[in-house]
Every structure is written in structure tokens, then in C-alpha cells.
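The values are calculated or read from the model by the stated rules, or taken from the named source; none is laboratory data. This structure is a prediction, so every number in the text was calculated from the model and none was measured. Counting neighbours? That spans all protein chains shown, and the Cβs are built from the backbone with ideal geometry, glycine included.
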Amino acid sequence: MPNWAIGTVFVQGRRENIMRFTERFIYNDEVDTKTIERGLYFKRSFVHAERAEIVAEIEKLPAEGISTFELLVSFAWCVDSCLIRVRNHNEHITLTDACKADEVLVSIYAEENDTEEIISCDSGGYVDYICNYMPKYKCPHCGNVMSLPSKSDADDFECCDCGKLGLVLLPGKDDFDCEAA
């Protein structure tokens, strides 16, 4: 059973292009991926909603111009292994190929245990990928150490042990290779 990287996917483009891109994910109502007849799809990348629900939301976007759509996705292990360094291209598509084919810009932020992935891909297929350990914070009241996403404001978080505010950033933040994990 894999760990899950939970991420927010932001897709920017014309409504019909956003629709094509979001069709590449696996949805709750698609238990058996072998029954998917819509072409190449993203490997082990699951939207926890019904497909019709997401389609209805995208159809509310303006028909003309550029829009941005947000999607919550779970990735088995990490985004890198599901969308970037994909093995078995017979039924799966990479983020690079999907962004080029669907003419969209995509940014993804995902967390899994103590790591975070920050990814962007333009409509030309250029991927910018960062994977880091999340910064560690210590509670000065009880000594508990916890990781928080780098985009977080520690002042907004309570210690998960004692419930008090005032976490202190610990020194050091190492790069992390998700593929090696």
C-alpha cells in the first residue's frame, strides 16, 4: 500500500483545454482503470470526486478566454513518479506530454509525510520540479518537533501535542530526491 502525496493541481487555459486535461485523472466512479476508454491517463493520480461533478464545475467557467481551475488530487507515493518520470507509457501520459497536447499551464503543490513537491509545467512541456523536506518547527512549551509546509505561516499553527502557539523554526532544510525514496 503506497503513501499518498496529497496535492492541489491548478490548471490554466481555455475551458475546453482544462476539460481535456482533467479527463486524464482517475475519478472515484472509475474503480477499474481498464474500463477507461478516453485515451492516455495519468498514472496512479486520483481525484476524490465523481467525474460528472468536476465536469459540471468546469462547464461553469467562461467559454472564452483563459481560466484557472483547481483540483484536489492524491498521488501514489509522489507526483514525480505519477506524472513526471512515468514508466510504462503504453496507457499513461506524462505531465509534459499532457500540457503540450492540451495547451495548458499547470502548477502543483503536494505533501507526503515530511516532504513537499512544487511543480510547474508550461504549454510547451517545460517542467520545473522541486522536492524538499518540509521545514521543522519546535514547540518551545513542550519540545514537540513537527514539520510544516514551507508556504505555511508558523504563527497560524498550534503545537499538535500541547495546543499552544509560538512554534520556532529549526535550522537546516535539505533537498530530497523523491525518486530515491
Some residue of segment 33-43 being at pLDDT 95 or above and of a type in the set (S, T, N, Q): no
In segment 58-75, the residues that are under 22 Å from residue 110 (Cα atoms) and either out of contact with any helix residue (DSSP H, G or I) (no Cβ under 9 Å at 6 or more places or on another chain) or surrounded by fewer than 16 Cβ atoms within 10 Å (Cβ to Cβ) (or both): 68, 70, 72, 74
Flag for residue 141 being of a type outside the set (Phe, Trp, Tyr) and outside the structural domain of residue 25 (by TED's automatic domain parsing): yes
Strands (runs of 3 or more DSSP E) wholly inside segment 61-144 that include at least 2 residues being basic (Lys, Arg): 136-138
